[in-house]
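**Student:** Structure below; questions to follow.
The values are calculated or read from the model by the stated rules, or taken from the named source; none is laboratory data. Every value quoted in this text rests on a predicted model; they were computed, and no experiment measured them. Cβ sites come from the backbone with ideal geometry, for glycine too, and all protein chains shown count toward neighbours. Keep in mind that these areas ignore ligands, DNA and RNA; they rest on the heavy atoms of the full protein, side chains included. Shrake-Rupley method; radii C 1.70, N 1.55, O 1.52, S 1.80 Å.
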Amino acid sequence: MRPFDYRRAETLDSVAEGGRIIAGGTNLLDLMKLQVEIPDTLVDINRIAGLDRIEPQGEGLRIGALVTNTEVAADPRIRAGYPVLARAILAGASGQIRNKATTGGNLLQRTRCPYFYDPAMACNKREPGAGCSAQGGVGRMLAVFGTSDACLAAHPSDMAVGLRVLEARVEVRGTDGATRQLALEDFYCLPGDRPDIESVVQPGEIITAVILPAPVAGSVQSYRKVRDRASYAFALVSVAAVATMRDGRIDHLSLAYGSVAPRPWGDDAVTDALVGQAPDAGLFRRAADRLTAGHTPHPDAAYKLPLLRRSLQSVLHEVTGLSEAAIGTDKAEAFA
């Protein structure tokens, strides 16, 4: 690890004085040890008052940027109204990491692949214009949606997938002291030709909170994570869902997908076509087919498409109460 300066920020205003923000450091310190990240200055924000609380905001909740993953997952209000978020966090890391990782830091962890971790390999995320060693290399954990010729890396966060399915918003404080709120799809940038730019957060800006809307009354919520082992491991694919039923039909549905794109992924066309429909195995199968249609990922990651299709179908059965043994009838018009 190379030498760096360290200072403690006591107020939000002092963050803008410059330097790389550190809170739990669960991702940043690893990257510094590998010299993938070489910041000149670290700015410790742990002493800034007011960022370590979960508080009511309207009918929802405001989760401060310094609230740890453990605190979020254990909060009774989260477990009661937003269980999909608690499940995603508990599936996401070991207890030791959850005790240190913060809400803001989780959102800003680097989108990465093995080539990003190796300074000897070409990587446009580390050095724009250097090339992408994953193209033509090995890539079992790569993304299948939203990639570009410049980068194939997948975003690894479980928590962020839970936040997306809940339609949470990220509060960012600018250098002028003003704040803005962003949906997850607007917070993250797709790689394009600048995969080193992963979010809209600018130098001197800071995430101050995540805002959860009012809980969806009567909803069934699920987080399905498929991984190589039951202990701490990144997802191969994950699916989050929030659903309500009325008169035998899907009344409300929100879906999000993880480890398949450079950001938590969604497909509004698939979700919208399911709303108002009666649960049916055939309908769910066609929804899953539509989600993955037209995508040709890196050959090593191609297995993620059928895995995602099966996972989505299983989650849809779960949140709508349809037995997975049910035999569907043809409702092709929903996905025409």
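**Student:** Which members of region 65-84 meet the condition of being among the hydroxyl-bearing types (Ser, Thr, Tyr), farther than 23 Å from GLU205 by Cβ and open to solvent by 10 Å² or more (accessible area, probe 1.4 Å)?
**Tutor:** Correct list: THR70 only.
**Student:** Here is a check on your reading of the model: is GLU318 at pLDDT below 95 and either over 18 Å from ARG227 (Cβ atoms) or crowded, with 16+ Cβ neighbours inside 10 Å (or both)?
**Tutor:** Here the answer is no, as GLU318 does not meet what is asked.
**Student:** Here are some residues: ARG62, ARG47. Which one is under 18 Å from ILE206 (Cβ atoms), touching a residue at least 40 places away in the same chain (Cβ under 8 Å) and either open to solvent by 50 Å² or more (accessible area, probe 1.4 Å) or among the acidic types (Asp, Glu) (or both)?
**Tutor:** It is ARG62.
**Student:** Among the residues of region 293-313 satisfying the criterion of being surrounded by fewer than 20 Cβ atoms within 10 Å (Cβ to Cβ) and hydroxyl-bearing (Ser, Thr, Tyr), which is farthest from PRO114 (Cα to Cα)?
**Tutor:** So the residue we want is THR296.
**Student:** Only one of these conditions is not met by SER222: (1) modelled with pLDDT of 95 or more; (2) over 30 Å from VAL200 (Cα atoms); (3) not basic (Lys, Arg). Which number is it?
**Tutor:** (2)
**Student:** Further question: Name the residue, out of THR147, THR175, that is open to solvent by 50 Å² or more (accessible area, probe 1.4 Å) and modelled with pLDDT under 95.
**Tutor:** Only one candidate passes the filter, namely THR175.
**Student:** Please enumerate the residues belonging to region 199-213 that are open to solvent by 30 Å² or more (accessible area, probe 1.4 Å) and either without any contact (Cβ under 8 Å) to a residue 60 or more places away in the chain or among the charged types (D, E, K, R) (or both).
**Tutor:** Once the filter is applied, which keeps residues that are open to solvent by 30 Å² or more (accessible area, probe 1.4 Å) and either without any contact (Cβ under 8 Å) to a residue 60 or more places away in the chain or among the charged types (D, E, K, R) (or both), region 199-213 yields VAL200, GLN202.
**Student:** So which residues in region 120-143 are open to solvent by 10 Å² or more (accessible area, probe 1.4 Å) and within 17 Å of the chain's Cα centre (by Cα)?
**Tutor:** Result: MET141, single match.
**Student:** I'd like to know if region 240-250 contains one or more residues that are surrounded by 15 or more Cβ atoms within 10 Å (Cβ to Cβ), charged (D, E, K, R) and either in contact (Cβ under 8 Å) with a residue 12 or more places away in the chain or closer than 19 Å to HIS155 by Cβ (or both).
**Tutor:** no
**Student:** While we're looking at this one, here's another question. Could you check, for region 20-33, whether at least one of its residues is part of a strand (DSSP E or B), closer than 26 Å to GLY92 by Cβ and open to solvent by 50 Å² or more (accessible area, probe 1.4 Å)?
**Tutor:** Yes; the residues of region 20-33 include at least one that is part of a strand (DSSP E or B), closer than 26 Å to GLY92 by Cβ and open to solvent by 50 Å² or more (accessible area, probe 1.4 Å).
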